[in-house]
């Protein structure tokens with residue numbers, strides 16, 4: 001998958017399958033990890049380490065603006081028809097340009113193309129996750145019970161979208 005298009009400011013934006021071990025995406029992982037640990041108790045952090053994103057059941061994407069990595073996200077197949085969004089992150093200095101919407105649109109489109117019928121996610125309840133929850137809700141995700149290997153957690157919100 002390689003979805004490329006110019007943004008309203010003329011910047012070329014490309015979302016493509018890549019390896020999570022690419023050298024130039026270290027900043028994305030560092031920022032994502034820092035954000036997840038900023039106000040979430042350690043036992044409630046469900047992000048996957050970078051190396052764990054290398055799996056036959058995970059498709060990992062990088063969003064680049066003029067070739068520079070600005071965002072990432074992954075889809076983990078839980079079953080033949082159910083997937084989970086993982087590691088979705090846009091660099092803070094790139095936010096406000098609609099990149100989160102473009103990333104989520106691309107991930108949902110890919111999920112549909114690969115035959116998934118449902119896409120679920122886990123996110124936090126803390127104030128730092130308000131914008132993320134609003135984005136997911138705007139795309140039609142609705143709160144649901146824990147799925148997969150998750151258990152009820154007062155620091156987690158579980159959401160799902162029927163595709």
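The values are calculated or read from the model by the stated rules, or taken from the named source; none is laboratory data. Only a predicted model underlies this, so the values are computations on that prediction, with no experimental measurement involved. A quick note on method: Cβ atoms are made from the backbone with ideal geometry, for glycine too, and the neighbour counts reach across all protein chains shown.
The set of residues in the range 117-132 that are over 16 Å from the mean Cα position of the chain (by Cα) and either under 24 Å from residue 17 (Cβ atoms) or assigned to a loop (DSSP other than H, G, I, E, B) (or both) comprises 117, 125, 126. Among the numbered conditions (1) closer than 22 Å to residue 120 by Cβ; (2) touching a strand residue (DSSP E or B) at 6+ places or on another chain (Cβ under 7 Å); (3) outside any loop (DSSP other than H, G, I, E, B); (4) modelled with pLDDT under 95, the only one that residue 73 does not meet is (4). Answer yes if at least one residue in the range 112-131 is farther than 20 Å from residue 158 by Cα, crowded, with 21+ Cβ neighbours inside 10 Å and in contact with a strand residue (DSSP E or B) (Cβ under 6 Å, 6 or more places away or on another chain), and no otherwise. Looking for residues that are farther than 20 Å from residue 158 by Cα, crowded, with 21+ Cβ neighbours inside 10 Å and in contact with a strand residue (DSSP E or B) (Cβ under 6 Å, 6 or more places away or on another chain), one finds none in the range 112-131, hence no. Among the residues of the range 133-151, those that are part of a helix (DSSP H, G or I) and farther than 14 Å from residue 107 by Cβ comprise 133, 134, 137, 138.
Residues in the range 76-87 that are surrounded by fewer than 22 Cβ atoms within 10 Å (Cβ to Cβ) and under 15 Å from residue 105 (Cα atoms): 86 only. Of the numbered criteria (1) exposed (fewer than 12 other Cβ atoms within 10 Å of the Cβ); (2) modelled with pLDDT under 95; (3) part of a helix (DSSP H, G or I), the one residue 154 fails is (3). Here 87, 100 are screened, and the one residue that is touching a helix residue (DSSP H, G or I) at 6+ places or on another chain (Cβ under 7 Å) and part of a helix (DSSP H, G or I) is 100.
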